[in-house]
């Protein structure tokens, strides 16, 4: 199922009982945050707040706050189904003989043809431009203040569109926008992001950078905006791939950018590279307030929207939160992309408790001495994986999602003197433990079993394994003994 707009997705959720309309008045200052967090922690539905004092627009939260809603948004039953589609897209096999070459060439042509068919579709008029405000007044939007010490109300879930001035390629990203006044916002470009890279290119030219901030795009376009799409691949093409249908784009009214035609609200404007203002503090995904820092100022010069727009927002904070759930989905969906670089990788886990960018666990098919170290350095050089502060490598038969098993392997199989890889490099701009912003230490832990070829002088002991005949006999006993069945909590078949 393809959802062309936020409204279509909301209707589908409501028909499934996965959307609740909240008609009680709820303030956009702190209260929506508190209600949304409690519902998400109970694995509850998406919320449509229909009575937000000070605004005529309803507010949606928790839209993608569960794996089931993320899968539905991307036209699948499960997130793993989406990952399988990505794997088919990126999996190119070396040809086996002439027939294999013909087969693989045909598959490649079919893939390229599919991608071409998913390129954005240009339209001349669009629902997102049904209404053009006569003047810019951001106070008309139900922008949230999420936490008590936030520096101001903040647009938390915009799809921000920028363009590379050298190549003309557009890029989408999710960057928070703190409100300064009726027509200005703080543009929180973190230094490592593509949006910040585009900003630096515009600044080097001494030119103002055109920007569009889209609030309430279709769910696939939103998901694409927060995904680590490899540079050189259009986010809009990837969104088209996710939803199996091209994204419709329309020229913005006042700037040289294209915006999703079926969006709810579009803010158009520019960033002047000579101007900065303090942004923050802001209650972030670390569970701490990010420090106030100078960031570019987004001047909003035009606002367009649907006749009856819906304001999409999200709440960040200490997990579990909606962005944490989304981060887990990104991990599963982009695992095939990581495998393109590291085919020895079996599985990976970026635990929610590690905030996805601080702790990583991977299992590999270990083939040669120091193989785990090669994997560590490869991951630290791969996109946003560069932010990992703690990286644990285990053997292929270890379940990376069983944290008890992983800690068992680290405590038993990793020697701090020889199995810890200390490194230095870029860290997340919001990381709080590194003394210098954006730069910090990293540690890789080789928790694999050691072998003589690894230079391990002692014989590695044999692990305790249950006898297969004893296991079979024990299962028979358990099936027939009601006392043991009750003790183990297993219903008798």
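Summary of values
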| item | result |
| --- | --- |
| Flag if residue 283 is in contact (Cβ under 8 Å) with a residue 60 or more places away in the chain, more than 25 Å from residue 383 (Cβ to Cβ) and within 20 Å of the chain's Cα centre (by Cα) | yes |
| Helices (runs of 4 or more DSSP H) completely within the stretch 19-133 that count 3 or more residues being modelled with pLDDT of 95 or more, in contact with a helix residue (DSSP H, G or I) (Cβ under 6 Å, 6 or more places away or on another chain) and in the same structural domain as residue 234 (by TED's automatic domain parsing) | 67-73 |
| Residue in the stretch 462-483 that is surrounded by 12 or more Cβ atoms within 10 Å (Cβ to Cβ), out of contact with any strand residue (DSSP E or B) (no Cβ under 9 Å at 6 or more places or on another chain), free of Cβ contacts under 8 Å to residues at least 12 places away in the same chain and not in a loop (DSSP other than H, G, I, E, B) present | yes |
| Filter pass, residue 189 being out of contact with any helix residue (DSSP H, G or I) (no Cβ under 6 Å at 6 or more places or on another chain) and in contact (Cβ under 8 Å) with a residue 24 or more places away in the chain | no |
| Which listed residue, of 433, 423, is in the same structural domain as residue 355 (by TED's automatic domain parsing), in a strand (DSSP E or B) and modelled with pLDDT under 95 | 423 |
| Check on residue 206, over 23 Å from residue 90 (Cα atoms) and either in the same structural domain as residue 71 (by TED's automatic domain parsing) or in contact (Cβ under 8 Å) with a residue 60 or more places away in the chain (or both) | yes |
| Residue check for residue 208: touching a strand residue (DSSP E or B) at 6+ places or on another chain (Cβ under 9 Å), surrounded by fewer than 20 Cβ atoms within 10 Å (Cβ to Cβ) and farther than 25 Å from residue 356 by Cα | yes |
| Count of residues meeting criterion [part of a helix (DSSP H, G or I) and within 30 Å of residue 387 (Cβ to Cβ)] in the stretch 447-461 | 1 |
| Any hit, the stretch 472-486, residues being touching a helix residue (DSSP H, G or I) at 6+ places or on another chain (Cβ under 6 Å) and at pLDDT 90 or above | no |
| Residue that is outside the structural domain of residue 231 (by TED's automatic domain parsing), part of a strand (DSSP E or B) and either out of contact with any strand residue (DSSP E or B) (no Cβ under 8 Å at 6 or more places or on another chain) or farther than 25 Å from residue 226 by Cα (or both), where the choices are 417, 440, 444, 411 | 444 |
| Selection count where residues are in a helix (DSSP H, G or I) and farther than 22 Å from residue 120 by Cβ, scope the stretch 193-209 | 7 |
| Wholly within the stretch 153-192, strands (runs of 3 or more DSSP E) carrying at least 2 residues that are within 27 Å of residue 119 (Cβ to Cβ) and in the same structural domain as residue 295 (by TED's automatic domain parsing) | 159-163, 170-174 |
| Flag for residue 266 being in contact with a strand residue (DSSP E or B) (Cβ under 7 Å, 6 or more places away or on another chain), in the same structural domain as residue 71 (by TED's automatic domain parsing) and surrounded by 24 or more Cβ atoms within 10 Å (Cβ to Cβ) | yes |
| Count of residues meeting criterion [more than 23 Å from residue 405 (Cα to Cα) and within 40 Å of the chain's Cα centre (by Cα)] in the stretch 428-455 | 16 |
| Filter result for residue 212 (assigned to a helix (DSSP H, G or I), within 20 Å of residue 310 (Cβ to Cβ) and either under 24 Å from the mean Cα position of the chain (by Cα) or touching a residue at least 12 places away in the same chain (Cβ under 8 Å) (or both)) | no |
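The values are calculated or read from the model by the stated rules, or taken from the named source; none is laboratory data. Keep in mind the model is a prediction, meaning the values are calculated, not measured. Every residue, glycine as well, gets a Cβ built from its backbone with ideal geometry; the counts of neighbours run over all protein chains shown.
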